[in-house]
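Enquirer: Quick one: structure below, then a few questions.
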Amino acid sequence: MNYPRSLWYVGAWTRDLVPGKPLGIQILGEPIVIWRSITDKLTALEDRCVHRLAPLSLGRCQGEEIRCMYHGLVYDRSGAVIEIPGQDVIPPQAKVRSYPIVERHSWVWVWMGDAAAADETLIPPAVGLDDPDYILGHGQLDYAAEARLINDNLLDFSHLSYVHANSFGADEQWARERPKVIPLARGVRVERWITVQPGTPGRDYSHPVEQYSRYDFLLPGILLMMTGAFPVGTKGKLDGGSPDFNLAIGGVTFTSQAVTPLTAKTSRYFFSWGPHHKHGDAALRDALMVIADKAFAEDRTMIEAQQRVIDATPDPRIMPTSADRAVTLFNQLVAKQLRQEETLFAKARAS
């Protein structure tokens, strides 16, 4: 799997972690069990008992430890076996890998690289479900497609004109007008002004407005987007620049989205979306989530079909267009991260 490892990947929603109940997930093809202890501590271990390779996610949480429910081996939070029923001597190799794990922005983040290099400052600044400024709905979807295809989809919104004409009500502005794309240290920023007409789904405007959207797409595959509506003419006054969202006349929303590679050809897509509390309520949140569910199902249909075509095509190649600038920059950043990791791995292996 050609994805960087020295990054934080979203493994689950924190609210899906029931205290004392293990949750089995996969990230980058690695089976992982995560659980919340009685003292509210999170643990992530390799989901594979050293004895007969039974999944620990089918185990039983006992205080801070977890017991494999095949033959009863008990593991502590470091991944070391501390009990083998009927056996006093515990081999020193009786240990599974532990993963750095952090709870932040309503997500559980797992570091897939060298544990000693885990840096919590690299966790992208998403907006959690408990943020007082926003009224957010949330969900997730599993894809029978590799994560890179979902990332590419989110980096190029020109597809909205065709894939999402029914759900988002997008017209051909999205395809014909190029956004401003700004390279960032750990991703790209995409800014766009469009004119929105009355009747657009999820937008109760009685007259045309200019909608500004800005999103950062950050490693390893995190989209953080803010949108707002402004009077017609605002774009011209700002010469296409960024507006002050405090001056928006409506439609201020935020969405956090995360793409996690499960295996080489499967992915999980986490998302939240909702209005700023000054520009909407729970009813609008629910209306937006209905639109999101429809739109993301449209994406999944297209991307899974794309994956099937790729799998059936010998030596598949793409032909980039001018709409692919953000895609290209982000994939170059991924390639750079991979090269850096390969260099560090080669040095460690040689030493």
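The values are calculated or read from the model by the stated rules, or taken from the named source; none is laboratory data. This one's a predicted model, so the numbers in the text were calculated from it and none came from an experiment. Here the Cβ positions follow ideal geometry from the backbone for every residue, glycine too, while neighbour counts run over all protein chains shown. Just so you know, the surface numbers come from the protein's heavy atoms only, side chains and all, with ligands and any DNA or RNA stripped out. Shrake-Rupley method; radii C 1.70, N 1.55, O 1.52, S 1.80 Å.
Enquirer: Could you list, in sequence order, all residues of the range 92-128 that are open to solvent by 60 Å² or more (accessible area, probe 1.4 Å) and polar (S, T, N, Q)?
Expert: Q93, T121
Enquirer: I would also like to ask the following. If you go through the range 287-299 one residue at a time, do you hit one that is open to solvent by 40 Å² or more (accessible area, probe 1.4 Å), among the basic types (K, R) and within 17 Å of G228 (Cβ to Cβ)?
Expert: No, every residue in the range 287-299 fails to be open to solvent by 40 Å² or more (accessible area, probe 1.4 Å), among the basic types (K, R) and within 17 Å of G228 (Cβ to Cβ).
Enquirer: Sticking with this one: Out of the residues in the range 304-351 meeting the condition of being open to solvent by 80 Å² or more (accessible area, probe 1.4 Å) and β-branched (V, I, T), tell me which one is modelled with the lowest pLDDT.
Expert: Per the criteria, the residue is I318.
Enquirer: While we're on this one: One residue is enough: does the range 76-91 have a residue meeting the conditions open to solvent by less than 20 Å² (accessible area, probe 1.4 Å) and part of a strand (DSSP E or B)?
Expert: The answer is yes, given that some residue of the range 76-91 is open to solvent by less than 20 Å² (accessible area, probe 1.4 Å) and part of a strand (DSSP E or B).
Enquirer: Name the strands (runs of 3 or more DSSP E) wholly inside the range 130-236 in which the number of residues that are open to solvent by 50 Å² or more (accessible area, probe 1.4 Å), touching a residue at least 60 places away in the same chain (Cβ under 8 Å) and closer than 21 Å to P261 by Cβ is 2 or more.
Expert: 137-143
Enquirer: So which residues in the range 241-253 are assigned to a strand (DSSP E or B) and crowded, with 22+ Cβ neighbours inside 10 Å?
Expert: Answer for the range 241-253, where residues must be assigned to a strand (DSSP E or B) and crowded, with 22+ Cβ neighbours inside 10 Å: G251, T253.
Enquirer: Does the range 104-113 contain any residue that is outside any loop (DSSP other than H, G, I, E, B), closer than 21 Å to P261 by Cβ, modelled with pLDDT of 95 or more and more than 21 Å from the chain's Cα centre (by Cα)?
Expert: No, because not a single residue in the range 104-113 is outside any loop (DSSP other than H, G, I, E, B), closer than 21 Å to P261 by Cβ, modelled with pLDDT of 95 or more and more than 21 Å from the chain's Cα centre (by Cα).
Enquirer: Go through the residues of the range 1-14 one by one and say whether even a single one is out of contact with any Ser or Thr (no Cβ under 6 Å at 6 or more places or on another chain) and modelled with pLDDT under 95.
Expert: Taking every residue of the range 1-14 in turn, at least one turns out to be out of contact with any Ser or Thr (no Cβ under 6 Å at 6 or more places or on another chain) and modelled with pLDDT under 95.
Enquirer: Look at the range 76-93 and say how many of its residues are in contact (Cβ under 8 Å) with a residue 24 or more places away in the chain and under 33 Å from the mean Cα position of the chain (by Cα).
Expert: Counting residues in the range 76-93 that are in contact (Cβ under 8 Å) with a residue 24 or more places away in the chain and under 33 Å from the mean Cα position of the chain (by Cα) gives 3.
Enquirer: Let me ask another. Would it be correct to say that T266 is polar (S, T, N, Q), under 26 Å from P31 (Cβ atoms) and either under 21 Å from the mean Cα position of the chain (by Cα) or open to solvent by 20 Å² or more (accessible area, probe 1.4 Å) (or both)?
Expert: When the stated conditions are applied, T266 passes them.
Enquirer: Can you name the condition, by its number, that Y3 falls short on among (1) open to solvent by 40 Å² or more (accessible area, probe 1.4 Å); (2) touching a residue at least 40 places away in the same chain (Cβ under 8 Å); (3) not hydrophobic (A, V, I, L, M, F, W, C)?
Expert: Only one criterion in (1) open to solvent by 40 Å² or more (accessible area, probe 1.4 Å); (2) touching a residue at least 40 places away in the same chain (Cβ under 8 Å); (3) not hydrophobic (A, V, I, L, M, F, W, C) is unmet by Y3, namely (1).
Enquirer: How many of the residues making up the range 114-129 are part of a loop (DSSP other than H, G, I, E, B) and under 17 Å from the mean Cα position of the chain (by Cα)?
Expert: Qualifying residue count, the range 114-129: 7.
Enquirer: Between residues in the range 281-302 that are in a helix (DSSP H, G or I) and residues that are of a type in the set (A, V, I, L, M) and buried (at least 17 other Cβ atoms within 10 Å of the Cβ), which pairs lie under 7 Å by C-beta distance while being six or more apart or on different chains?
Expert: Here the result reads A282/I135; R285/I135; R285/L136; E298/V163; D299/V163; M302/V163, each pair linking the range 281-302 to a residue that is of a type in the set (A, V, I, L, M) and buried (at least 17 other Cβ atoms within 10 Å of the Cβ).
Enquirer: Here's a follow-up. Considering the range 25-52 alone, what residues qualify as being more than 30 Å from N331 (Cβ to Cβ), in contact with a strand residue (DSSP E or B) (Cβ under 7 Å, 6 or more places away or on another chain) and open to solvent by 40 Å² or more (accessible area, probe 1.4 Å)?
Expert: R48, V50
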